[in-house]
Amino acid sequence: MAARAEQLPAPGGAYWYEADRTSQVSTFGTSGKLGRGPAYTVELSQVTRSWLGSSRSRAVTNRNKPRFLTEQDRANWRAAGSPQLMIGAPPGGKPPPDPSVNDVGVPPRFLVGYQELTMNQLKRLPADPSRLAALLRVGLPAGSGPQIEALLFASAADLLNLPVSAQVRTAAFKVMAGVNGARLLGTITDPAGRKGTGVAFPESPHAGRVFIVDQTTATLLAMEYVANDPSQLGARVPPGTAILTETWFATGWTDKLGQQP
């Protein structure tokens, strides 16, 4: 797969474009801590399209309708007063405009692990796996062990859909492959129904992350946070359920704000 990444075209354009869907499965109404009334489990999701330029950026987010896992979940939500539901917020909060448009007139910063990097810093990332791993570790908490390895794995994965060179993407693949505990899953299906190669890493006894990579384009298709013990994470779902997913539909360079590659 790393060899395929080396064959990708070099990045170029005025704006880096990204379209992704974030989805979260949560249970509310439990013991009054996460809302009132009987418990209900729901999937909340939103789609964000963003354009990141050297001095100007825009993000447009559309929220999807809640998807209740069962009709009883829907009935319990109604019994609780049909509160407004949003990702990352308790029930009943005031929703933002839909769609919400966020225009920013400052240079963008990209989150890679614990570090925020500028476009120029991304361009200067080393293509040598050892040097790249050392740089990624700079932003991680001190120490060693499975948790630090998990953070290094996720930091390298963050680079896969960012405006970096094919050589840096290749190095990121090699860093991920070299992390202790990483497990190749073979060909699996992402939340959008696309086939890709899955790589898993256990973050704790309760959950782990699965990254699904397209073999043809060598880009990240999706990330799934899979709960092995959902009761420890506040979600009433079967073990093995992905309670948080991020799915990328498109990434690439474009010449105009609002234009798609």
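The values are calculated or read from the model by the stated rules, or taken from the named source; none is laboratory data. These numbers come from a predicted model, not from an experiment. Methodologically, a virtual Cβ is constructed for each residue, glycine included, from the backbone with ideal geometry; neighbour enumeration extends over all protein chains shown.
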Residue 157: in contact with a strand residue (DSSP E or B) (Cβ under 7 Å, 6 or more places away or on another chain), surrounded by fewer than 21 Cβ atoms within 10 Å (Cβ to Cβ), under 29 Å from residue 13 (Cβ atoms) and among the small types (Gly, Ala, Ser), yes or no?
no
Can you name the number of the only condition in (1) under 25 Å from residue 70 (Cα atoms); (2) surrounded by 15 or more Cβ atoms within 10 Å (Cβ to Cβ); (3) not β-branched (Val, Ile, Thr) that residue 192 fails?
(2)
Step by step: first the residues of the stretch 123-148, then only those that are in contact (Cβ under 8 Å) with a residue 40 or more places away in the chain and buried (at least 19 other Cβ atoms within 10 Å of the Cβ), then the one that is farthest from residue 180 (Cα to Cα). Which residue is that?
125
Looking at the stretch 121-174 only, could you name the residues that are part of a loop (DSSP other than H, G, I, E, B) and either within 20 Å of residue 51 (Cα to Cα) or of a type in the set (S, T, N, Q) (or both)?
144, 162, 163, 164, 165
Is one or more of the residues making up the stretch 223-244 β-branched (Val, Ile, Thr), at pLDDT below 90 and surrounded by 15 or more Cβ atoms within 10 Å (Cβ to Cβ)?
no
Would you tally the residues in the stretch 68-82 being surrounded by 13 or more Cβ atoms within 10 Å (Cβ to Cβ), in a loop (DSSP other than H, G, I, E, B) and at pLDDT 90 or above?
1
Would you mind telling me which numbered condition in (1) at pLDDT below 90; (2) of a type in the set (S, T, N, Q); (3) outside any loop (DSSP other than H, G, I, E, B) residue 30 fails?
(3)
Suppose the filter is among the small types (Gly, Ala, Ser) and loosely packed, with under 11 Cβ neighbours inside 10 Å; does residue 105 pass it?
yes
Return the total of residues in the stretch 70-127 being acidic (Asp, Glu) and under 20 Å from the mean Cα position of the chain (by Cα).
1
Search result, residues across the stretch 197-242 that are free of Cβ contacts under 8 Å to residues at least 40 places away in the same chain, more than 19 Å from residue 26 (Cβ to Cβ) and over 16 Å from the mean Cα position of the chain (by Cα):
205
